[in-house]
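Q: Below is one structure. I have some questions about it.
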Amino acid sequence: MSVEKRKMTFDKRKKYVNHLSVFKQRTKKDDNNELSERIIITARKTGELNLSSKGLSTVPRRVWTINELTKEEIEELHVNLDFDEDRDRWWEQESLKTLNLSSNSLTSIDPEVQNLSDLIDFDLHDNLIEELPDQVRMLLKLRKLNLSHNNLNKINTNLFTLENLRQLNLSHNNIKELDPSIGDLVMLESLNLSYNNITKLPIGLGYLVRLCNLDLNHNLLIELPPDIMSMRVLKKLDASSNNLEVTPPLGEMRKLEILNLQDNHLSVFPDVIGCTALREIYLSNNQITEFEMECLEGIGQLKSLVMANNKIETIPDDIITLLNLERLDLSSNKLTFVSNAISIMPNLKHLIIDGNKIKNIRRDIIQCGTPRILRHLRQGLDADSIDLSRSSSPCPTMIPGPDKYMMKHTKLLSLAAQNLEQIPDNVLEDASEAKVTCVDLSRNRLTQLPDKLNLVKSVEDLKLFCNQLVSLPEWIGELCRHLRYLDLSKNQLTNLPDSIGMLELLREINISHNKFTLVPECIYNISHLEILIVHDNRVKEIDAPSLAKLKRLAKLDLSNNDIGNVPPELGNQTNIRTLLLSGNCFKQPRHDTLVKGTEEILSYLRNRIPL
């Protein structure tokens, strides 16, 4: 083929390829065509419009007036008004309440957004938005706004006038500072400011007194504002991956459950005295040199303490007072010795100490994991601390527990996983004299509680799971008045004594994996109950009126039972934050509603309450 012919062939091919180019610039007409009549009709019926991942560079103009009938639609209604025909009618319309414009290429929001005055949920995440229009202040009913993964450099202060806003996500932007007027969002419950360039938080942040979740991770913060203590209902505070050198006292945060301060420049253990609800603390990758147990005094529900990659040299003996601790991570520190007393911690499941130069535990033992480490430490316990003498009782399953000195020091009686059928009377008498606050008799073969247990009136945490109990004595509610946590799971119980209702301080009760056919009536009399776990039983119905008595109930787990009907009145229990109902035989709510979470379930039930 000649050179001229090859050139002509190449030119033709080039023109052909360009003609079908897929890199065609997006036009407003293309964007408007994404909003078809079918989508409009569906949105009018449901009040929800999803235009996510449509490649939009602008918002289709009819979105802002989606509930307004066009001239053609009005004429059609007048000409062909058929009540039997399934068509879009103005009197059946639902105003737009949910609008999803996420994962597009939007750079701005039209001022006409003010027309969507009934909007409740607005999702704009994963776009290219640089600023918000002033008209955003007109969205007075907005409760949830997601602006994450955009190009925002600052926030229009008109946004902070939305007093009904509950959830605000501003993560993954370029925000450098916040206006103090953010404190005007008085109803805000969740605020996500992670992955920005914020160097300082405004004092007004402390006015967000209803905030439950505050996420500040991956910013440039050097300090936290002192008025952060005003957030007294805050449950989760994440300020990881910043430049924090000190933190203010956090003791006023009585509801705080999760504290994440890892990847900072802290040299002192944070002051959390008073945060009695703390369950998880993360302090890895800091410069903390001392493990201060004084700061953890009274934090009896702590389950996870992660302090890897610090400069800690010793573990205080008082750590054994953290009775509920399940995970302790002290890897890559400067430890040289681990106390044998750690082996008696009743719930410790993960002890991570690799990356240290420990002298009393060989490296091969550390590499074998927690059970092997604890077994090694247990073998080294001082015979003066633990009474190893055998009981004179002929019962081969009865073994002595720790002596009075050990129980007085730890406030703990632990006989877990001993395969016991009975508990020695002398051990219970010593526990009573030591005024222990935690009794762990779990993973044994008890068929009934020993009578001498009623002597231990100081107990606050009673663990009886994984036994063979068929009933409880009446005195448990009459004498154990200090009980706060009661675990009766994995037994053979069918009922509870009426005296359980007298436990005024009880916050959590777990009766899962038993044989209950209904929730015992006495439970509804526990006025301070916050957590009720009843999963994997044979419960057939939900007593909504009785549940309404539990004004503080925050978690209700009724999954895997035989419930055939969920009463709509359960939707009025707005204090419940976690509701688990899966694994039952009811048809409504459907599974797709259950997976949306507690708020959606309760809303669905409320909508079914007869007027």
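Q: Sticking with the crude label model, points 7 Å out along Cα→Cβ, report the distance from ASN575 to SER36 in nm, one decimal please.
A: Placing both labels 7 Å beyond Cα along the Cβ direction yields 4.9 nm.
Q: Looking at the chain only, what percent of DSSP beta bridges run antiparallel? Nearest 5 please.
A: Percentage antiparallel, nearest 5: 0.
Q: Taking 8 Å as the Cα distance limit and 6 or more residues as the minimum spacing, I'd like the relative contact order of the chain as a percentage.
A: So the answer I get is 4 percent.
Q: Could you go through segment 322-329 in sequence order and give the Karplus-derived ³J(HN,Hα) for each residue, using 6.51 cos²θ - 1.76 cosθ + 1.60 with θ = phi - 60°, rounded to whole Hz, and x for Gly and Pro?
A: Result, rounded to whole Hz: 7, 5, 9, 5, 10, 10, 10, 10.
Q: Beyond 20 Å between alpha-carbons counts as too far, so tell me which of LYS236/LYS303; LYS144/LYS587; LYS515/LYS549; LYS555/LYS587; LYS235/LYS411 fall in that bin.
A: The pairs that break the limit, which is 20 Å between Cα atoms, are LYS144/LYS587; LYS515/LYS549; LYS555/LYS587; LYS235/LYS411.
Q: What range in the chain is the longest one free of chymotrypsin sites (Phe, Trp or Tyr not before Pro) that are in a loop by DSSP and have at most 10 other Cβ atoms within 10 angstrom?
A: It works out to 84-611.
Q: Still on this structure: Give the shape of segment 163-269 as rounded, prolate or oblate, defined through the alpha-carbon gyration tensor: a ≥ b ≥ c are the square roots of its eigenvalues, a/c under 1.5 means rounded, and otherwise the shape is prolate if a/b is larger than b/c and oblate if not.
A: Here segment 163-269 falls in the oblate category.
Q: Return the calculated 222 nm mean residue ellipticity for the chain, to the nearest 500 deg cm²/dmol, obtained by summing -39500 (n - 2.57) across DSSP H runs with n ≥ 4 and dividing by the residue count.
A: Helix contribution divided over all residues of the chain: -4500 deg cm²/dmol.
Q: For SER414, enumerate residues with amide H under 5 Å from its amide H, sequence gap 5+ or separate chain, H modeled in the peptide plane.
A: Here ASP440 satisfy the definition.
Q: From the backbone phi of segment 530-537, what are the Karplus-calculated ³J(HN,Hα) couplings (6.51 cos²θ - 1.76 cosθ + 1.60, θ = phi - 60°) in whole Hz, Gly and Pro given as x?
A: So the J values, rounded to whole Hz, are 10, 10, 10, 10, 10, 5, 6, 10.
Q: Only loop residues by DSSP count here, and only those with at most 14 other Cβ atoms within 10 Å; note down the trypsin sites (Lys or Arg not before Pro) in segment 458-511 that meet that.
A: Passing both the DSSP loop test and the Cβ count: ARG481.
Q: If you don't mind, another one. For Cα pairs less than 8 Å apart in space and 6+ apart in sequence, what is the mean separation divided by the residue count of segment 111-169, i.e. the relative contact order in percent?
A: Averaging sequence separation for qualifying contacts and normalising by length gives 38 percent for segment 111-169.
Q: Under 8 Å for C-alpha pairs, at least 6 residues apart: give me the relative contact order for segment 181-329, rounded to a whole percent.
A: So the answer I get is 15 percent.
Q: Here's a follow-up. Once the Cβ-Cβ distance between GLU429 and ASP271 is put in as r, and R0 is 30 Å, what FRET efficiency do you end up with, to the nearest 0.05?
A: For GLU429 and ASP271, the calculated efficiency is 0.15.
Q: For segment 141-189, which GluC sites (Glu not before Pro) are both in a DSSP coil and crowded by at most 13 other Cβ atoms within 10 Å?
A: Loop-located and lightly packed - GLU163.
Q: Another one. I'd like the Karplus ³J(HN,Hα) series for segment 338-354: coefficients 6.51, -1.76, 1.60, θ = phi - 60°, whole numbers in Hz, and an x wherever there's a Gly or Pro.
A: 10, 5, 5, 5, 4, 5, 8, 5, x, 10, 5, 10, 10, 10, 10, 10, 5
Bear in mind that the values in this text are calculations on the coordinates, not laboratory data. Since the structure is predicted, the reported quantities are computational estimates derived from the model, not experimental observations. No Cβ is skipped: glycine too gets one built from the backbone with ideal geometry, and neighbour counts run over all protein chains shown.
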